[in-house]
Amino acid sequence: MSSSLVPVTQAMLDAAAGDGRNHLHPNGNYEQTRYYPAAQINTANVRTLRPVFTFQTAVLESMETAPLVVNGVMFLTTSYNHVYAIDAATGKEFWHYKHKMGPVTTFCCGPNNRGVAAYAGLLYMARSTRSS
């Protein structure tokens, strides 16, 4: 894991709207604006952006959550309660967690996951449960 990873504090979460280095809330901040305040990308250079890496998960199902980024470590979730920690600059996988779910019966929208939250050195996953 990256040595730059630090525990997320309440002060960091409170200041997330102005943090151009991290993405600590699924929608950017407590106000849910989905606005990212970094200045590196602007109207003059946006057309020159190119993908740096692609990351393939082991899950062939929908992905409906936004990743979190804490000091260069990206945490993303997939359906069936998988969580990945990857280097946000290179795509290198640090680790992969797969929650054991048991049988899944889907009535509507698939075995979607609701993402992760980081706080005080812990990562919390709002996992989906099996339906019957």
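Assorted remarks:
- For HIS96: the one exception among (1) surrounded by fewer than 18 Cβ atoms within 10 Å (Cβ to Cβ); (2) touching a residue at least 12 places away in the same chain (Cβ under 8 Å); (3) over 19 Å from SER2 (Cα atoms): (3)
- A single entry from ALA38, ALA58, ALA17 fulfils the requirement of being open to solvent by less than 70 Å² (accessible area, probe 1.4 Å), in a loop (DSSP other than H, G, I, E, B) and of a type in the set (Gly, Ala, Ser): ALA38.
- Annotation: of all residues in segment 107-132 being surrounded by 14 or more Cβ atoms within 10 Å (Cβ to Cβ) and modelled with pLDDT under 70, the one that is nearest to ASN22 (Cα to Cα) is ARG127.
- Condition met for THR57 (among the hydroxyl-bearing types (Ser, Thr, Tyr) and more than 16 Å from the chain's Cα centre (by Cα)): no
- Enumeration of residues in segment 93-102 that are farther than 16 Å from VAL116 by Cα and in a loop (DSSP other than H, G, I, E, B): LYS100, MET101, GLY102
- The condition of being out of contact with any Gly (no Cβ under 7 Å at 6 or more places or on another chain) and aromatic (Phe, Trp, Tyr) holds for only one of TYR35, TYR84, that being TYR84.
- Residue in segment 41-54 that is surrounded by 11 or more Cβ atoms within 10 Å (Cβ to Cβ), at positive phi and out of contact with any His (no Cβ under 9 Å at 6 or more places or on another chain) present: no
- Residue among VAL104, VAL83 that is of a type in the set (Val, Ile, Thr), at pLDDT 85 or above, out of contact with any Asp or Glu (no Cβ under 6 Å at 6 or more places or on another chain) and surrounded by 13 or more Cβ atoms within 10 Å (Cβ to Cβ): VAL83
- Segment 20-35: number of residues that are more than 30 Å from GLY110 (Cβ to Cβ) and open to solvent by less than 80 Å² (accessible area, probe 1.4 Å): 1
- For segment 1-14, a residue qualifies if it is among the polar types (S, T, N, Q) and either in a loop (DSSP other than H, G, I, E, B) or open to solvent by less than 70 Å² (accessible area, probe 1.4 Å) (or both), and the qualifying residues are SER2, SER3, SER4, THR9.
- Test: residue in segment 81-92 that is farther than 19 Å from GLN10 by Cα, without any contact (Cβ under 8 Å) to a residue 24 or more places away in the chain and outside any helix (DSSP H, G or I): yes
The values are calculated or read from the model by the stated rules, or taken from the named source; none is laboratory data. For clarity, every value in this text was computed on a predicted model and none was experimentally measured. Cβ sites come from the backbone with ideal geometry, for glycine too, and all protein chains shown count toward neighbours. To get the accessible areas, we keep the full protein, side chains included, count just its heavy atoms, and leave off ligands, DNA and RNA. Shrake-Rupley method; radii C 1.70, N 1.55, O 1.52, S 1.80 Å.
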